[in-house]
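The values are calculated or read from the model by the stated rules, or taken from the named source; none is laboratory data. This is a predicted model, so every value here is computed, not measured. Cβ atoms come from the backbone with ideal geometry, glycine included; neighbour counts cover every protein chain shown.
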């Protein structure tokens, strides 16, 4: 409980501690992983392990932790043959998140965005551009920007150091050319990148 106080909104600490104890979860807080905010796995002794990245702001940490607990609860209730992010998981996630969707836990500006998201939650909060941007506003300041904030023709660097030029907007995503290969890729609007050169 003392550890969680460093990572969660204060009001959420006690109910989430109770959930972790109820389901015999070993929670491990780890260094940032680029590909995921958290993950869940069952352990051979019948307990469960959840890992969450340490660099998440309190609101993203809460959502990520409940997301992973929802995997555990859905698998226990429906069996391990269900799709990881199928209807059973979505309904479980919605039910577990509902008690936290209130102004004592989340800032008022986040609540409408979260309410929209949890009508049909995505496999990753980053896939929902509106929610990703809203949550990122509570991250520490950074020199990175979103692809949607750039101008067409601007150049940027991805986390792995590859260089791209932002192209036109398609329906929801942006077509971008990798500078070194000339190959075209499609990026979500809420991808965080390093501006390299602006036209």
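Filter segment 65-90 for residues that are surrounded by 17 or more Cβ atoms within 10 Å (Cβ to Cβ) and touching a residue at least 24 places away in the same chain (Cβ under 8 Å) and give the result. Please lay out each step first, then the result.
So in segment 65-90, the residues surrounded by 17 or more Cβ atoms within 10 Å (Cβ to Cβ) come out as 65-75, 85, 88-90.
Residues satisfying the conditions are 65, 66, 67, 68, 69, 70, 71, 72, 73, 75, 85, 90.
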Within segment 142-154, can one find any residue that is at pLDDT below 90, touching a strand residue (DSSP E or B) at 6+ places or on another chain (Cβ under 7 Å) and under 19 Å from residue 36 (Cα atoms)? yes
Given the conditions (1) surrounded by fewer than 19 Cβ atoms within 10 Å (Cβ to Cβ); (2) touching a strand residue (DSSP E or B) at 6+ places or on another chain (Cβ under 9 Å); (3) modelled with pLDDT of 95 or more, every one holds for residue 164 apart from (1)
Quick count over segment 180-199, residues being within 23 Å of residue 142 (Cβ to Cβ) and out of contact with any helix residue (DSSP H, G or I) (no Cβ under 8 Å at 6 or more places or on another chain), is 7
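Among 96, 62, 43, 56, which is the only one that is surrounded by fewer than 21 Cβ atoms within 10 Å (Cβ to Cβ) and either closer than 21 Å to residue 3 by Cα or in contact with a helix residue (DSSP H, G or I) (Cβ under 8 Å, 6 or more places away or on another chain) (or both)? Outline the logic, then answer.
On the way: 62 fails: surrounded by fewer than 21 Cβ atoms within 10 Å (Cβ to Cβ); 43 fails: either closer than 21 Å to residue 3 by Cα or in contact with a helix residue (DSSP H, G or I) (Cβ under 8 Å, 6 or more places away or on another chain) (or both); 56 fails: surrounded by fewer than 21 Cβ atoms within 10 Å (Cβ to Cβ).
Checking each option against the conditions leaves just 96.
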